[in-house]
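Data block below; observations after.
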Amino acid sequence: MKHLTIFAALFALVGCAAQPESRFAHLDKTAARVMAAKMQEQREAELVDDLQSAFEIRQPRNILVLSGGGADGAFGCGVLNGWRSAPGGRPQFDVVTGVSTGALMATFAFLGEECDDAVLRQVYTTSRDQDIHGSPFELGPPNSVVDTGPLRKLIARHVTAKTIARVADAHRAGRRLYVATVDLDAGELVIWPLSKIAAEGGPGCVERFQKILLATASVPVFFPPVRIDGDLHVDAGLRETLFLRRAMLGVAAAYDATRPATSSYTPPTVWAIVNQRLETEPRAMHDDLIDIGMRSLEMYTQSLELANVREIAHLAAAHQPAFAFRYVSLPNSADEPQPDPLGPMFDPVRMRRLYSSGQSIMRNPSGWHEGMPHADDDPLLAGL
């Protein structure tokens with residue numbers, strides 16, 4: 001016991017020594033709120049400016065929104081691949097946004113060539129846990145259960161300087177790529193303009209691009225946070241599992257100011273790929289800690305996902321003129337039986353099944369859903 005206590009103390013000291021001081025460290029609550037508000041205001045202004053510069057070149061026609069979902073991102077990759085051969089084909093996206101696994105998919109969905117689909121297929125049908133993170137039974141960082149060194153290497157292997165140069169070319173053509181993290185210090189969602197970062201280039205561009213992607217997939221506690229610009233950043237799923245902003249539709253004041261008064265405006269179509277189920281499938285529960293905890297986390301995540309999809313659907317219906325909103329989500333019929341909660345997160349057999357499910361859905365013209373997904377208490381479902 002004495003040796004364990006000494007080891008734990010040394011472990012904690014190493015963790016403390018490695019942590020730089022936060023910019024909020026010596027601020028009182030009022031000053032911290034002011035600083036966080038200014039940071040958020042600046043980010044929002046920069047987002048609008050970035051979008052305005054795009055809309056001066058081209059009016060947005062198609063926007064892709066990619067959700068979180070971990071290994072279930074294999075489903076979304078299958079959707080993208082199957083969509084290519086669907087009637088009418090897959091459009092080129094003017095704006096792409098991504099959260100968590102959707103953020104890791106986003107760069108290749110944004111670039112949109114067959115070679116990019118091939119990268120997604122390889123990563124999301126062959127990766128195993130050891131390709132994403134270290135073992136929980138090995139000594140890892142003091143701020144997480146496992147280390148993400150393998151994921152860092154995986155990102156660097158595929159998101160190369162050449163890949164980022166292609167993103168920069170798309171940015172200069174008026175297209176935009178965004179991913180999100182949560183800034184734990186500021187307590188805010190941060191939208192990163194990846195295509196702008198790529199286009200600006202300069203020393204450290206590739207490393208910064210890759211670092212942001214690592215942060216987007218850093219599930220707090222399980223994965224270590226990533227320090228960017230002095231703050232700790234983690235998976236944006238803490239706040240939103242997928243995101244869209246009104247300014248991305250080409251109807252923000254910044255865009256209105258550049259559009260001639262006599263020009264016609266056609267709202268874009270927003271496509272959302274939800275890499276999770278929006279409905280909880282009934283099943284017999286085991287009255288034990290692990291099963292209850294996993295089920296509760298599953299339902300909480302689905303509730304947040306559903307709320308975010310309904311928010312976009314509401315924005316679509318309320319906007320004048322209304323814009324088209326289409327979404328596809330992981331069906332309950334996919335991936336049976338349920339994965340073992342104590343088994344691997346990244347199982348190639350399961351992921352290939354999910355990938356095939358996404359491909360199959362896109363072969364059906366009615367694979368896309370429209371309108372508002374229902375909630376548990378939806379009065380329209382009464383009596384069904």
Worksheet, complete the sentence: The long-range amide H neighbours of Val179, using H built 1.01 Å from N in the peptide plane and a cut-off of under 5 Å, are Gly98, Trp192, Leu194
Practice prompt. Under a cut-off of 29 Å between alpha-carbon atoms, report the lysines in cross-link reach of Lys162, not counting same-chain residues fewer than 8 places apart.
Written response: Lys153, Lys196, Lys211
Discussion item. Over 5 Å intervals from 0, what percent of Cα-Cα pairs in region 169-216 sits in each interval?
Written reply: 5, 21, 27, 23, 16, 6, 2
Worksheet item: What is the local net charge at Val226, summed over the other residues whose Cβ is closer than 13 Å to its Cβ (Lys, Arg +1; Asp, Glu -1)?
Response: -3
Worksheet item: Counting only residues 5 or more places away or on other chains, whose amide H sits under 5 Å from the amide H of Thr269 once H atoms are built in the peptide plane?
Response: Asn62, Ile63
Worksheet entry | Residue order for Thr160, Thr266, Thr216 - accessible surface, 1.4 angstrom probe, largest first | Thr266, Thr160, Thr216
Worksheet item: With each pseudo-label sitting 7 Å past Cα toward Cβ, what's the Arg246-Asp229 distance in nm, one decimal?
Response: 2.4
Worksheet item: Among the lysines, which fall within straight-line cross-link reach of Lys29, defined as a Cα-Cα distance under 21 Å, with same-chain neighbours fewer than 8 residues apart omitted?
Response: Lys38
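Could you check how many percent of all C-alpha pairs in region 61-219 are farther apart than 23 Å?
37
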Worksheet item: Can you give the Rg to Rh ratio for region 19-139, taking only C-alpha atoms and Rh from Kirkwood?
Response: 1.11
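Hey, with R₀ at 22 Å, roughly what FRET efficiency would Glu281 and Leu238 work out to, going by the Cβ-Cβ distance, to 0.05? Working shown, then result.
Details: r = 25 Å, r/R0 = 1.12.
About 0.35, to the nearest 0.05.
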Worksheet, complete the sentence: Among His26, His133, His319, the residue with the largest mean-square fluctuation in a Gaussian network model of the chain built from Cα contacts under 10 Å is His26
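Could you order Lys38, Lys162 by accessible surface area, starting with the largest, using a probe radius of 1.4 Å?
Output order, biggest surface exposure first: Lys162, Lys38.
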Item to complete: For region 76-164, restrict the atom set to alpha-carbon positions and state the Rg and Dmax in Å.
Response: 15.3, 51
Worksheet item: What is the spread of the Cα atoms of the chain along each of their three principal axes, largest first, in whole Å?
Response: 78, 50, 43
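Going through the DSSP H helices of the chain, which span 15 Å or more along their own axis at the Cα atoms while scoring at least -0.5 as a mean Kyte-Doolittle hydropathy? Mind dumping the intermediate values first?
On the way: long enough: 2-17 (23 Å, 1.70); 29-55 (39 Å, -0.48); 73-84 (17 Å, 0.38); 101-111 (16 Å, 1.70); 114-126 (18 Å, -0.36); 161-172 (16 Å, -0.37); 205-216 (17 Å, 0.61); 289-318 (43 Å, 0.41); 348-362 (21 Å, -0.43).
Within the chain the helices that satisfy the rule are 2-17, 29-55, 73-84, 101-111, 114-126, 161-172, 205-216, 289-318, 348-362.
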Fill in: Kirkwood Rh in Å, taken over all unlike Cα pairs in region 137-225
14.1
Worksheet item: Modelled label-to-label distance, Arg61 and Gln40, 7 Å Cα→beta-carbon offset: nm?
Response: 3.6
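The values are calculated or read from the model by the stated rules, or taken from the named source; none is laboratory data. Only a predicted model underlies this, so the values are computations on that prediction, with no experimental measurement involved. Because the Cβ atoms are built from the backbone with ideal geometry, glycine has one as well, and the counts that use them run over all protein chains shown. Surface accessibility is based on the protein's heavy atoms, side chains included, excluding ligands, DNA and RNA. Shrake-Rupley method; radii C 1.70, N 1.55, O 1.52, S 1.80 Å.
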